[in-house]
1. Has region 14-30 got any residue that is touching a residue at least 24 places away in the same chain (Cβ under 8 Å), among the small types (G, A, S) and touching a helix residue (DSSP H, G or I) at 6+ places or on another chain (Cβ under 8 Å)?
2. Can you say whether S89 is hydroxyl-bearing (S, T, Y), under 14 Å from the mean Cα position of the chain (by Cα) and surrounded by 17 or more Cβ atoms within 10 Å (Cβ to Cβ), as far as the supplied structure shows?
3. How many residues does region 1-51 hold that are at positive phi and of a type in the set (K, R)?
4. Could you list all residues from region 74-84 that are surrounded by 13 or more Cβ atoms within 10 Å (Cβ to Cβ) and part of a loop (DSSP other than H, G, I, E, B)?
5. Taking into account only those residues within region 4-51 that are part of a strand (DSSP E or B) and touching an Asp or Glu at 6+ places or on another chain (Cβ under 7 Å), which is surrounded by the most Cβ atoms within 10 Å (Cβ to Cβ)?
Amino acid sequence: MRPTDVQQIGEELAIKWEDGSESFLSLEKLRRCCPCAGCKGEVDVLGNLYKNPEQPLTPAAFRLVRVERVGTYAVQPVWADGHATGIYSFEYLRRAAEAGEKPLSPQ
């Protein structure tokens with residue numbers, strides 16, 4: 001399912017889906033569940049996880065500059081601290097919104 005509209009409203013990302021439903025994600029949760037390799041790490045063919053040490057996030061890390069579409073399958077947020085490597089598939093966004101404040105599994 002694809003969104004028909006994605007926009008920031010206050011401290012949340014609002015997503016309207018093609019079925020008419022809506023999802024709201026806090027910007028903090030959106031940033032904290034960033035799926036990029038720098039944030040979540042990478043797994044090699046043997047299943048070993050390689051991840052950078054956790055970095056403290058500044059207030060700028062939670063300020064959204066813009067959200068760009070990636071093809072017909074994802075969005076890519078650009079954050080005020082310069083981070084812009086997370087590509088959030090529409091499926092991942094939907095799962096993140098449905099999880100509420102619970103942690104999101106990587107898949």
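1. Yes, that holds for at least one residue.
2. Working: hydroxyl-bearing (S, T, Y): yes; under 14 Å from the mean Cα position of the chain (by Cα): yes; surrounded by 17 or more Cβ atoms within 10 Å (Cβ to Cβ): no.
No; evaluated as a whole, the condition is false for this residue.
3. The number of residues fulfilling the criteria is 0.
4. Of region 74-84, the ones surrounded by 13 or more Cβ atoms within 10 Å (Cβ to Cβ) are 74-81, 83-84.
Of everything in region 74-84, those that are surrounded by 13 or more Cβ atoms within 10 Å (Cβ to Cβ) and part of a loop (DSSP other than H, G, I, E, B) turn out to be A80, D81, H83, A84.
5. Quick first cut of region 4-51, residues part of a strand (DSSP E or B) only: 4-9, 12-17, 22-26, 42-43, 49-50.
Filter once more, so that each one left must be touching an Asp or Glu at 6+ places or on another chain (Cβ under 7 Å): 4, 14-16, 24-26, 50.
On the way: T4: 11, A14: 16, I15: 23, K16: 14, F24: 13, L25: 20, S26: 15, Y50: 9.
Within region 4-51, the match that is surrounded by the most Cβ atoms within 10 Å (Cβ to Cβ) is I15.
Taken together, the values in this text are just the output of simple stated rules run on the coordinates, not laboratory data. These figures come from a predicted structure and were not determined experimentally. No Cβ is skipped: glycine too gets one built from the backbone with ideal geometry, and neighbour counts run over all protein chains shown.
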